[in-house]
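So the structure is just underneath, and the comments pick up after that.
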Amino acid sequence: MNLPSPPALSAAECRRFNDHVAALYAGALREEPLPVIARTLATVVGGTVAAACLSPALPEKAPGFALSEHGAFDWSPEQFRLLQSHPRLQSGPRGEVLSVSDFLSQARWQRTDLYNVDRGSVRLEDDLGVDLRLPGGELFQGCVIREKRNFTERDRLLFTLLLPHLRNLLMLNPPGSGSCAPSPDRLVGLGLTPREQEVLYWISEGKTNADTATILNISPGTVRVHLERIYPKLGVENRMSASRIALEKLYPTRFGA
């Protein structure tokens, strides 16, 4: 399939994209990855609703979908069976971002059973999506849905640039794993006082001194004093090194050795 060359992103667009990627990873530390991915796709690419799902490679198991605007919904086995007739899946997961309109005219698409399946408030005139086979055999399906056929090559480029980050999240934090942000109590054992554990926790989560002060109802100066005491206890000299030690303790499967 010959697709047009995507346009280049401007410096400002690159900065915005990087900000969205940073927010994607930060959000996945506190939530299941699918809702975070759904919201990110809706924000970065833009659509009536963004959907993402992870389903085991079992044809009889219907997956749940995380929707950026409509909460979540579950497919019936019959709806899931029809989903397998999606034109993007006809030759198996390709791992590239494709839309319904890459395969079918609007008239042909509207005659398919999948187009006419009852989805409540979700209208599928076109979708731009990807199907990724993960190392464990699971199939990730993510798409941005629109009520008009107006996806651009810039939309496709932005979605494609997100792909390695989506794959990383799904490998590090599989849906249903129960992963969520741990509490400061997990920093026990570092030789810190309970208040120092709280300060280090929020600093490692990317909060500034002012943010941490607001969260803990103390002054920014007090946060700075706590950090000055934390560094020698951890054997480090700066905020970045202290945060790394905290992250290894808080998220051992992601940041540990």
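The values are calculated or read from the model by the stated rules, or taken from the named source; none is laboratory data. All values reported here derive from a predicted model rather than from experimental measurement. Every residue, glycine among them, receives a Cβ derived from its backbone with ideal geometry; neighbour counts consider all protein chains shown. The accessibility values were calculated without ligands, DNA or RNA, using every heavy atom of the protein model including side chains. Shrake-Rupley method; radii C 1.70, N 1.55, O 1.52, S 1.80 Å.
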Inset, instruction - Using the structure shown, decide if residue 230 is free of Cβ contacts under 8 Å to residues at least 24 places away in the same chain and closer than 17 Å to residue 194 by Cα. - result: no
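So, residue 155, is that one among the acidic types (Asp, Glu), at pLDDT below 90 and either part of a helix (DSSP H, G or I) or on the phi < 0 side of the Ramachandran plot (or both) or not? Don't jump to the end; show me each part of the working.
On the way: among the acidic types (Asp, Glu): yes; at pLDDT below 90: no; either part of a helix (DSSP H, G or I) or on the phi < 0 side of the Ramachandran plot (or both): yes.
So residue 155 fails the test.
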Legend entry - Test result for residue 164, under 14 Å from the mean Cα position of the chain (by Cα) and either modelled with pLDDT of 75 or more or part of a loop (DSSP other than H, G, I, E, B) (or both): yes
Inset, instruction - Would you be able to tell me the number of residues in the stretch 199-223 that are open to solvent by 60 Å² or more (accessible area, probe 1.4 Å), in a helix (DSSP H, G or I) and at pLDDT below 90? - result: 3
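Select from the stretch 98-113 the residues that are open to solvent by 80 Å² or more (accessible area, probe 1.4 Å) and closer than 12 Å to residue 149 by Cβ and list them in ascending order.
Pass one, the stretch 98-113, residues open to solvent by 80 Å² or more (accessible area, probe 1.4 Å): 106, 108, 111, 113.
Within the stretch 98-113, 106 is the sole residue that qualifies.
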